[in-house]
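The values are calculated or read from the model by the stated rules, or taken from the named source; none is laboratory data. If you're wondering where the values come from, they're calculated on a predicted model, not measured in any experiment. With ideal geometry, Cβ positions are generated from the backbone for all residues, glycine too; neighbour counts draw on all protein chains shown. Side chains included, ligands, DNA and RNA excluded: accessible areas come from the protein's heavy atoms. Shrake-Rupley method; radii C 1.70, N 1.55, O 1.52, S 1.80 Å.
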Amino acid sequence: MYRGLPKCCRLGLCVGGVYAMFLIWAIAQERLSVPFESIDGTPPAKFKSALIMSTCQSAFSALAALLYISIRRQPGVSFSQAIGLEPPAPTPAAAQTNGHAKSNGHAKSNGDVKSNGHASPSPNTMYSTWTRPLMRRFLQTSVFIVAAAPFGFASLQYISYPAMVLGKSCKLVPVMLMNVLLYRRRFAPYKYLVVGMVTLGISLFMHFGGGSGKKHGGGSGAGARPPHANLIGLSYLLINLALDGAVNASQDEIFARFKGLNGQQMMLWMNTFGAAVNLLLAVLPLPYIPVIHPSDGGQSELASVIAFVRTHPGVLKPLAQFALTGALGQLFIFETLQHFGSLTLVTITLTRKMFTMLLSVFMYDHKLTPGQWAGAGVVFAGISVEAYVKRKEVHTKRVIQEKEKASIKQL
């Protein structure tokens, strides 16, 4: 996305893009969780279709990724390679190192011999070793995303938006947990320390929150809150976090297994599969399913949403903002994921959420208790530990590389 830039500058641009797009995205998401005025005289009503929200965002995101890939496609790269349907071509250096095409007397007579001196894989072989397993992984990850979205949106019916933001800030925990459970990965000891500090800080913030966030009351809005509303909302949020952790772990696994795949290719296919799955669910006349399919039994989700939009047209603007900013934000998300990994990405999104809350405190004169300030301090301390260790690791690698270069020059 930003070729030729130092790594620190690339990270800075990714952070700025994520912050800008997802601050607007968060405003639109919160607006979609409160009642909309009707034009036919009926009482205000809420937009309840997380399925259509996900469909719109996935469709916009897939289109944004396709446009980005098309614009950035390099000369000599086929469209199939550009969108990830074929493995990337070997670099010229690799071809010269591995190949003997010029010296191989059979090179001209064998139409399947490439510049690297090896027969190019047949379409069937490539499909079975690259395309089919890659598409299967994308479909699996898309299903996790489709399943997670309704639970996150449904939690807003029971808890406040600030409470949901704080809860999702603990995403570091399920990301690491799912990496360990699904793919048997291990992390450096300091990462467990960071996760522990972040979890402790968020827990303190929520525990000492008292009545903060009541202005943004969750979904209870126009009516009495059901019994155990907080417990229901937090349960939905925990399911959402667990599925989000599976998504991030699966994304790391895809990048580890399919070398040469880039973030925009992942964004294209995950959102293409996600839009297809969401749209299929939206047009089917499914029975009433709590959280997943809140429309009346026997009626498709799409039909219910069209009827809602006709009487509540005000929903269109925040829905378009939600989809567009989510799509643009994902370009930065996948760039970050490709070059810096899911834990760095989660750290960026975590700081964005914390800065958003602090900005809200100063702009709207919210009062934080000493316990909440302590919790925020612990969170930022944990993030600082990770930043310090990573900076030290980068410095150590540079020193080793400089020593290796000096040794080669002496030889």
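Of note:
- Residues being outside any helix (DSSP H, G or I) and at negative phi - total across the stretch 240-291: 11
- Within the stretch 27-39, the presence of a residue that is crowded, with 19+ Cβ neighbours inside 10 Å, part of a helix (DSSP H, G or I) and in contact with a Leu (Cβ under 6 Å, 6 or more places away or on another chain) is excluded.
- Restricting attention to the stretch 152-183, the residues that are at pLDDT 70 or above and more than 23 Å from residue 347 (Cβ to Cβ) add up to 6.
- Qualifying residue in the stretch 60-74 (condition: open to solvent by less than 70 Å² (accessible area, probe 1.4 Å), part of a helix (DSSP H, G or I), more than 21 Å from residue 139 (Cβ to Cβ) and at pLDDT 85 or above): yes
- Residue match in the stretch 7-21 (condition: part of a loop (DSSP other than H, G, I, E, B), among the hydroxyl-bearing types (Ser, Thr, Tyr), open to solvent by 40 Å² or more (accessible area, probe 1.4 Å) and at pLDDT 85 or above): no
- Within the stretch 191-220, being loosely packed, with under 14 Cβ neighbours inside 10 Å and modelled with pLDDT of 75 or more holds for one residue alone: 192.
- From 356, 311, 396, residue being among the β-branched types (Val, Ile, Thr) and at pLDDT 70 or above: 311
- Here residue 299 meets each of (1) assigned to a helix (DSSP H, G or I); (2) out of contact with any Asp or Glu (no Cβ under 6 Å at 6 or more places or on another chain) with one exception, condition (1).
- Residue, modelled with the lowest pLDDT, within the stretch 87-98, restricted to residues that are open to solvent by 50 Å² or more (accessible area, probe 1.4 Å) and touching a helix residue (DSSP H, G or I) at 6+ places or on another chain (Cβ under 8 Å): 90
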